[in-house]
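Read the structure below first, then the notes.
The values are calculated or read from the model by the stated rules, or taken from the named source; none is laboratory data. None of the values given here were measured: they were computed from a predicted structure. With ideal geometry, Cβ positions are generated from the backbone for all residues, glycine too; neighbour counts draw on all protein chains shown. Surface areas here come from the heavy atoms of the whole protein model, side chains and all, with no ligands, DNA or RNA. Shrake-Rupley method; radii C 1.70, N 1.55, O 1.52, S 1.80 Å.
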Protein chains: 2
Amino acid sequence: MQNRGLLKELIQSFCCLPGVGPKSAQRMAFHLLQRNRQGGEQLSRILAQALQEIAYCAECRTLTETKLCEVCANSQRDTGLLCVVESPADSWIIDQAIGFKGKYFILHGRLSPLDGIGPDQLGIDALEQRLQAGAISEIILATNSTVEGQATAHFIAEIAGKHNIRATRIAYGIPMGGELEFIDSSTLSHAFNGRREI
Amino acid sequence: MQNRGLLKELIQSFCCLPGVGPKSAQRMAFHLLQRNRQGGEQLSRILAQALQEIAYCAECRTLTETKLCEVCANSQRDTGLLCVVESPADSWIIDQAIGFKGKYFILHGRLSPLDGIGPDQLGIDALEQRLQAGAISEIILATNSTVEGQATAHFIAEIAGKHNIRATRIAYGIPMGGELEFIDSSTLSHAFNGRREI
Ligand SMILES: [Zn+2]
Ligand SMILES: [Zn+2]
């Protein structure tokens, strides 16, 4: 077998991407080297810069290269409505699909004791500080409809209850076991409008 | 909609990879930023280095970071047998699947006049110089079994004929219209053993 050196290393490096096996990784490496070196250089440069500069928003924990993200820095947003989601992608899709004008809190996951993911990993302390601050009148729990997502929503609803803040759960139309990220905007819109107390 | 700045740029950069749409690109960006920053840094670094250092082998035109690739630099290889393939991946798979011990020539494509790919783009000049040098007794044409791959094989066979060099075509067992890269090793082995004059 041929010793492929650097090319082999490149192919292995692409395997760190989700959904990319050795065959796809090989196609990616060849494609960039043979047909799109400029695109490859840009990917390398932007990736290094993103890893260097992108961190969590100090307020909502979304990924951003500024101290506060665009949403948190926007004074036109309704600070009384707080939507809690599992990932930044979920907040993007809610903004795009239904034009939600409140604010967000990103958990970066869901309660999953077996994987060692508890309240600390989800930033529940920071969330509780925001509830304590007093400006929030409703917390909308938009975690996924998986068992763990539901458990996470109930856990946060209890905390909201302690602070006498109304907690609602998006509910209508989302299929059980489905991941929020893959729901069409009409279903998501229904789910938002049909939210109820938990 | 939220202005995503650098994160948006990163997602767009991943879209330059083959088979990666906006949704997969988003998952890749989030995965690296949230769960595998070390893998991301390595990918960025190796990709930059590969684009800088990897070029074509001076003899066979495969991708390599040295002037001559491992195969061409290997004096144990049979210089009398030259296998012509469309891509470096094809030469790798032939080495792995059947332990071929001759040398290779990589076309980086196939004749395709509509796409502006003619003999110049495939390095036919360099190939003819190797045939002229006189050491080659057989040229094995292992281009894909597509219409263009077949036409390319016949084109090269004619050149070999001018130099009185035996040209064979791998043939047995490869389904018509199939891409060599996706053939199992047993079929490929049959095709090699059943090669015939063209
Ligand atoms: Zn924020
Ligand atoms: Zn070579």
- request: Could you identify the single residue in A:Leu32, A:Leu7, A:Leu17, A:Leu47 that is modelled with pLDDT under 95, over 17 Å from the mean Cα position of the chain (by Cα) and of a type in the set (A, V, I, L, M, F, W, C)?
  value: A:Leu7
- prompt: Given (1) of a type in the set (A, V, I, L, M); (2) within 12 Å of ligand 1 (Cβ to nearest atom); (3) within 14 Å of chain B (Cβ to nearest Cβ), where does A:Ala126 come up short, assuming only one miss?
  reply: (3)
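Does segment B:86-94 contain any residue that is open to solvent by 30 Å² or more (accessible area, probe 1.4 Å), within 11 Å of another protein chain (Cβ to nearest Cβ), within 17 Å of the chain's Cα centre (by Cα) and more than 30 Å from B:Ala29 (Cβ to Cβ)? Write out each step before concluding.
Let us first name the residues in segment B:86-94 that are open to solvent by 30 Å² or more (accessible area, probe 1.4 Å), namely B:93.
So of that shortlist, the ones also within 11 Å of another protein chain (Cβ to nearest Cβ) come out as B:93.
Of the ones still in play, those that are also within 17 Å of the chain's Cα centre (by Cα) are B:93.
Now narrow it down to the ones that are more than 30 Å from B:Ala29 (Cβ to Cβ): B:93.
Yes: segment B:86-94 contains one or more residues that are open to solvent by 30 Å² or more (accessible area, probe 1.4 Å), within 11 Å of another protein chain (Cβ to nearest Cβ), within 17 Å of the chain's Cα centre (by Cα) and more than 30 Å from B:Ala29 (Cβ to Cβ).
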message: Looking only at residues that are without any contact (Cβ under 8 Å) to a residue 12 or more places away in the chain and open to solvent by less than 40 Å² (accessible area, probe 1.4 Å) in segment B:96-122, which one is farthest from B:Leu188 (Cα to Cα)?
response: B:Gly118
task: Assess whether A:Ala29 counts as being surrounded by fewer than 22 Cβ atoms within 10 Å (Cβ to Cβ) and not basic (Lys, Arg).
output: no
- request: Sort through B:Gly161, B:Gly149 and tell me the only one that's at negative phi, more than 17 Å from the chain's Cα centre (by Cα) and at pLDDT 85 or above.
  value: B:Gly161
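Taking helices (runs of 4 or more DSSP H) that do not extend beyond segment A:2-108, which have at least 1 residues that are more than 14 Å from ligand 1 (Cβ to nearest atom)?
Result: A:5-14, A:22-35, A:37-53, A:88-98.
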message: Regarding segment A:76-84, can at least one residue be identified that is at the interface with chain B (Cβ under 7 Å from one of its Cβ atoms), modelled with pLDDT of 95 or more and surrounded by 18 or more Cβ atoms within 10 Å (Cβ to Cβ)?
response: no
query: Across segment A:109-120, which residue is nearest to ligand 2 (Cβ to nearest atom) among those that are closer than 22 Å to B:Met28 by Cβ and part of a loop (DSSP other than H, G, I, E, B)?
result: A:Gly109
query: Among (1) within 17 Å of A:Gly39 (Cβ to Cβ); (2) facing another protein chain (nearest Cβ under 7 Å), which single condition is B:Ile11 missing?
result: (2)
- request: Tell me which residues, restricted to segment A:40-75, are open to solvent by less than 50 Å² (accessible area, probe 1.4 Å), touching a helix residue (DSSP H, G or I) at 6+ places or on another chain (Cβ under 7 Å) and within 7 Å of chain B (Cβ to nearest Cβ).
  value: A:Gly40, A:Leu43, A:Ser44, A:Ile46, A:Leu47, A:Ala48, A:Ala50, A:Leu51, A:Ile54, A:Leu63
field: All positions within segment B:2-58 that are β-branched (Val, Ile, Thr) and out of contact with any strand residue (DSSP E or B) (no Cβ under 6 Å at 6 or more places or on another chain)
entry: B:Ile11, B:Val20, B:Ile46
task: Within segment B:131-148, work out how many residues are surrounded by 18 or more Cβ atoms within 10 Å (Cβ to Cβ) and within 13 Å of B:Ala160 (Cβ to Cβ).
output: 5
- request: Determine which single condition B:Thr64 fails, assuming it passes every other condition in (1) within 16 Å of ligand 2 (Cβ to nearest atom); (2) more than 19 Å from A:Leu33 (Cα to Cα); (3) within 22 Å of the chain's Cα centre (by Cα).
  value: (2)
- prompt: Looking at B:Ala55, is it under 18 Å from the mean Cα position of the chain (by Cα) and farther than 26 Å from B:Gly102 by Cα?
  reply: no
message: Given the criteria free of Cβ contacts under 8 Å to residues at least 40 places away in the same chain, facing chain A (nearest Cβ under 7 Å) and either crowded, with 18+ Cβ neighbours inside 10 Å or within 28 Å of B:Ser87 (Cα to Cα) (or both), does B:Gly5 qualify?
response: no
